[in-house]
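Rule-based calculations on the coordinates, nothing more; no lab input. Keep in mind that this is a model prediction, so the values were computed, not measured. Virtual Cβ from ideal backbone geometry, glycine too; neighbours counted across all protein chains shown.
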Amino acid sequence: MSRTFVSSSLRAVAQASRIVAPQAARRVPLLANTARSFSSSIIRANQTSAALLDVVKSEYKIANSIDNELAPDHVQYLNDSGFEVIHKNGESNVQLAKTLESGEKLTVFFDIDEVTDVSFGSPEAPEEEDAASEEQLEDELYQYDSTFANVKVLVSNEANNNGLFFNLMLQSSEEEFFVDYFNYKPDVAAFLKQVEDKGTFLGNFEYQGPRFSNLDESLQASVEKYLNEKGIDSGLADFIFGYSEVKEEESYRDLLKDVSNYLKQN
């Protein structure tokens, strides 16, 4: 082998060594830094989970130290009214049902979350301003909407499988109902199945009914008197608010318990 070839080979090996060595040197601290970063992330995650668990446990303890029972007058109302409460744990939808002296069935539908989200206090009338901003208008509309909760009422004849449906607005400040619209249900069984399966009270192409405020005042008064005689009154409104507050608090406590159990296991 010539001296020239040997010298070239040695130079090639030396150059390769200078290239490979720094790359290897750079890889070692990079892997070490990655491991340290991963370990630090795990430690921080465990610390935040533990901190959240402590807060949740504390909140759960405080919540359970406060009585959360129906007020005596609400218990009395339930006994006197004859309503049966239909409510599944973990769901926000509630039904009150009873048979009237006329033989008709009265069913009241409401949503706990919607009722408890209602702002207490009368809505402020929007101020008349020529240059009112869109954001101000949206805030005013939200404030107005948040003072009412939807309550649905069905008065039905089970033998004939038909009935009258009323969409009502429950106002917190007055604890009274306002009629939004009403219509006729020719097939109550199908309507109740629709409510159960889809959670909707109007079919896709069903006529909602006239806006109540546009009707003749004598017709409005007659409808309001009809509902009042069926038991849709201030006593029912007060009960709906009281029951919803108790059940919403129960749901909140169940949530805290479930979150606490999850954090303990993970």
What whole-number distance in Å separates the alpha-carbon centres of region 84-108 and region 180-238? 15 Å
I need the shape label for region 192-266. Rule: rounded when a/c is under 1.5, else prolate if a/b > b/c, else oblate, with a, b, c from the alpha carbon gyration tensor. oblate
Amide hydrogen neighbours beyond the local backbone of E158, cut-off 5 Å, H modeled: K105
Apply the Karplus parameterisation 6.51 cos²θ - 1.76 cosθ + 1.60, with θ equal to phi minus 60°, to every residue of region 77-91 and state each ³J(HN,Hα) to the nearest whole Hz, in sequence, with x for glycine and proline. 4, 4, 5, 6, 6, x, 6, 9, 8, 10, 8, 9, 4, x, 10
Just to verify a number: FRET efficiency for N162 and D117, C-beta to C-beta distance, R0 = 35 Å, to 0.05? 0.55
All-pairs alpha carbon distance profile, region 150-228, 5 Å steps from 0, percent: 3, 14, 23, 24, 19, 12, 5, 1
Which entries of K57/K247; K98/K193; K98/K225; K61/K98; K61/K152; K198/K257 show an alpha-carbon separation above 27 angstrom in the structure shown? K61/K98; K61/K152; K198/K257
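When I112, I43 are ordered from fewest to most other Cβ atoms inside 10 Å of their Cβ, what list results?
Numbers: I112 22, I43 10.
Fewest to most other Cβ atoms nearby, the residues stand as I43, I112.
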